[in-house]
Amino acid sequence: MEEVLHPFQVTVPESVSGQWSLMGEARWLVCREICIPESQVVSLSLPVVGSEREMRRTPWVQKIDAARAAVPTDFPATVNFAGAQSVWISGLTELNVKDVMPETAGETLGLVQRVESLNDGVLITFDRVLNPADFAVGSWVVGLETGSVRIPFDPLLTVPSAKQQNLSLGLVLLMALAGGLILNLMPCVFPVLSIKALSIAGKASKERREVQRGAWLYTAGILVTMLVLASIMVGLKAGGAQIGWGFQLQTPWFVGLLVYVFVILGLWLYGWVEFGMALSGVGQDLTEGHSGPAEFFTGVLAVVVATPCTAPFMGVAMGYTLTQPWWITLIVFSALGLGLALPMLVFALRPQLASRLPRPGPWMIRLKQFLAFPILATAIWLLWVLVRQTSSDVVALMLGGLLLLVFGLWLVKGGSRLSRALGLLAVIASLSAIPSLSQLTPTSSEQAVVEIDSEPYASSALRAHVDEGRTVFINMTADWCITCKVTEKRLLTTEAVDQLFESYGVIRMTGDWTRYDPLITEYLNAFDRVGVPLYVVNHPGMDPIVLSQFPSFEELEKAIKAKSSL
């Protein structure tokens, strides 16, 4: 007859000696097709020993120690279904897997047929077809040669990832290159393209070597910034932080600093501000083509302003890095940067293209002044993002700081040494507003999602709606994500989508990633994404359906109707 141990702790009074009797009633259910309750009065008499050494000689201690050792330990890993008969467990490296058992089910997933190493985890193949909808929220116990481990599992946060894991590195690099190339067409990069346009026009009559030198320096600025950004992400993730593409724009002080930068650039383009010799590297020489630091700085700025946008192919490539070693992450980010710099490189390496540009002349001054307006418009947009991240109080704080900044720059233009010194002090004083931004009361997620008549995302609410048989549409967005806002205006807030959702009883849920939210980051990572946008349709009893980053109405309609077509 097999024994079942139920260890519990009892504190015996110090005055007791000899024997100590325990008595109680045990109750249990005997179940097969039906459950029958049974009970039994049980008692146990144990000797009271004087030391732990004597206690460990009793037969019960060894059995209890063995039972405790067999209890599964929590293991920091994630589970993804990877095909009809396989699961991929990231973070698990031991190949001697004996069985896998969901704690909420009464049986194992099936007989383990094959275990193989895949990226930073293992791919386990079973002898039967698996359906994620058959498993409830809970934990999975994985039996290993060295013991058992417990891994948390949520079917709504777990999607088939075989396609993602089977991608080759070469294909991912091509996707990153294409994504970087398309980023040049995104509105978030337009302000930097404005500066590049002036630089190109100013060099149209220069020697080919000088044009190529500027292009390579611009490319170097992009690649170095991409590698720095990737290194920061790798380091923060290694420390346990959950971040993604555009994470720096979730910090109010960084957005405020960008407002200052774009205001200064706009004033310089219009001609209101002229930098002295110390700053000529990022000022006048941008159009004259003699400044290496200016070209490099333009590349840095291109990466900084590109982070609010996500291009096609880019999401899959960035998501691939989630399960890869750090050096692959650096390579993928480098490919993305190379794609962003590619148009400038092609232009520099093909001198016949430069010869088609108008010759430098007075028109450049007019163009330079015109390009100041999209730069200043970007500053206004960033100020709106700040309001959404914090509160309306930020308007007075930032406008006051900008007024002091512009006043300081005006004083610097003065001829006297005193005027320049006072101007420099005013510019430094204006920067004091930046650290205060993070102290303002943040906008609540409820306020952020009112515009599209949606519930704020919560995993518990999502599970509750699906358990009730409702279809849920998830929109992961951010106010600084221009791609997200364009999709919301052209598709998600249209009357056609409203009628579609009403006809099929679809519930909208929105996750606002404008400020850092670890729960939303965890949801993104579960779908192999490192940034927004992310659109997911959740049907009861079905795998989540992930839409493209630029979904059409037809794609959304097909996903919503997928349940009724079964």
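Just a few scattered comments:
- Odd one out for V466, checked against (1) surrounded by 21 or more Cβ atoms within 10 Å (Cβ to Cβ); (2) within 24 Å of Q389 (Cα to Cα); (3) hydrophobic (A, V, I, L, M, F, W, C): (2)
- Scanning region 357-370 for residues that are in contact (Cβ under 8 Å) with a residue 24 or more places away in the chain and surrounded by fewer than 20 Cβ atoms within 10 Å (Cβ to Cβ) turns up L357, P358, R359, P360, M364, I365, L367, Q369.
- Just so you know, in region 287-321 the residues that are assigned to a helix (DSSP H, G or I) and either at pLDDT below 75 or not assigned by TED's automatic domain parsing to the domain that holds R213 (or both) include one that is farthest from the chain's Cα centre (by Cα), and it is E288.
- Being in contact (Cβ under 8 Å) with a residue 24 or more places away in the chain and more than 28 Å from D479 (Cα to Cα) holds for only one residue in L431, L338, L342, and it is L342.
- Answer residue from region 245-275, given it is crowded, with 22+ Cβ neighbours inside 10 Å and under 20 Å from T329 (Cβ atoms) and is modelled with the highest pLDDT among those: L249
- Checking each residue in region 314-334 for being of a type in the set (G, A, S) and surrounded by 21 or more Cβ atoms within 10 Å (Cβ to Cβ) picks out G315, A317, G319.
- Annotation note: Cβ proximity below 6 Å between a residue of region 386-410 that is without any contact (Cβ under 8 Å) to a residue 24 or more places away in the chain and closer than 18 Å to G423 by Cα and a residue that is assigned to a helix (DSSP H, G or I) and of a type in the set (A, V, I, L, M) (sequence gap 6+ or interchain) occurs for F407/A426; G408/A426; G408/V427.
- Subset of region 400-437 (residues that are over 38 Å from the mean Cα position of the chain (by Cα) and either part of a loop (DSSP other than H, G, I, E, B) or of a type in the set (S, T, N, Q) (or both)): K413, G414, G415, S416, S419
- In a residue-by-residue description of region 157-173, the property of being at pLDDT 85 or above, polar (S, T, N, Q) and crowded, with 16+ Cβ neighbours inside 10 Å applies to no position.
- Applying a threshold of 6 Å to beta carbon distances and a minimum spacing of six or more residues, or different chains, the list of pairs starting in region 456-478 at a residue that is over 14 Å from L492 (Cα atoms) and assigned by TED's automatic domain parsing to the domain that holds D543 and ending at one that is part of a loop (DSSP other than H, G, I, E, B) and of a type in the set (V, I, T) reads P456/V449; T471/V506; A478/T514; A478/V532.
- Among the residues of region 4-30, those identified as loosely packed, with under 10 Cβ neighbours inside 10 Å and either in contact (Cβ under 8 Å) with a residue 40 or more places away in the chain or over 28 Å from A69 (Cβ atoms) (or both) are P13, E14, S15, V16, G18, Q19, S21, M23, E25, V30.
- Boolean, E557 is farther than 17 Å from T494 by Cα and touching a residue at least 12 places away in the same chain (Cβ under 8 Å): no
The values are calculated or read from the model by the stated rules, or taken from the named source; none is laboratory data. Remember, predicted model here, so these are calculated numbers, not experimental data. Positions of Cβ are backbone-derived with ideal geometry, glycine not excepted, and every protein chain shown enters the neighbour counts.
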